[in-house]
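Trainee: Below is a structure I'd like to ask you about.
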Amino acid sequence: MGGFSVFLTILLVIVELILIAVVLLQSGKSAGLSGSIAGGAETFFGKNKAKSYEGKLQILTKISALGFMILTVLLALLQ
């Protein structure tokens, strides 16, 4: 394994841990009975969803998933 492969492997492990943490921090799409009762509030706050905590987590999930896929393909091509 060359030095570049070791660097990419370490970077991949870091991105994997970030991806796992971000996915676990997100709330589920179905909130059960309370989600069906309070469904009106979700549409009211839907406009500012990208600025909320959950919106930032979704963006971070997409970025880390993309980084994971790119690093995985790069490591597969190097070996």
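The values are calculated or read from the model by the stated rules, or taken from the named source; none is laboratory data. All of these numbers come straight from a predicted model, not from anything done at the bench. Counting neighbours? That spans all protein chains shown, and the Cβs are built from the backbone with ideal geometry, glycine included.
Trainee: Go through (1) loosely packed, with under 13 Cβ neighbours inside 10 Å; (2) at pLDDT 65 or above; (3) in a helix (DSSP H, G or I) for Ser34 and report which single condition fails.
Mentor: Just one mismatch for Ser34, condition (2).
Trainee: With Leu66, Leu11 as the choices, which residue is at pLDDT 95 or above and surrounded by fewer than 13 Cβ atoms within 10 Å (Cβ to Cβ)?
Mentor: On inspection, the qualifying residue turns out to be Leu66.
Trainee: What are the pairs, 6+ residues apart or on separate chains, where a residue within region 56-75 that is β-branched (Val, Ile, Thr) has its Cβ under 8 Å from a residue that is part of a helix (DSSP H, G or I)?
Mentor: Listed by first residue and then by second, the contacts come to Ile59/Ala50; Thr61/Leu19; Thr61/Val22; Thr61/Val23; Thr72/Leu12.
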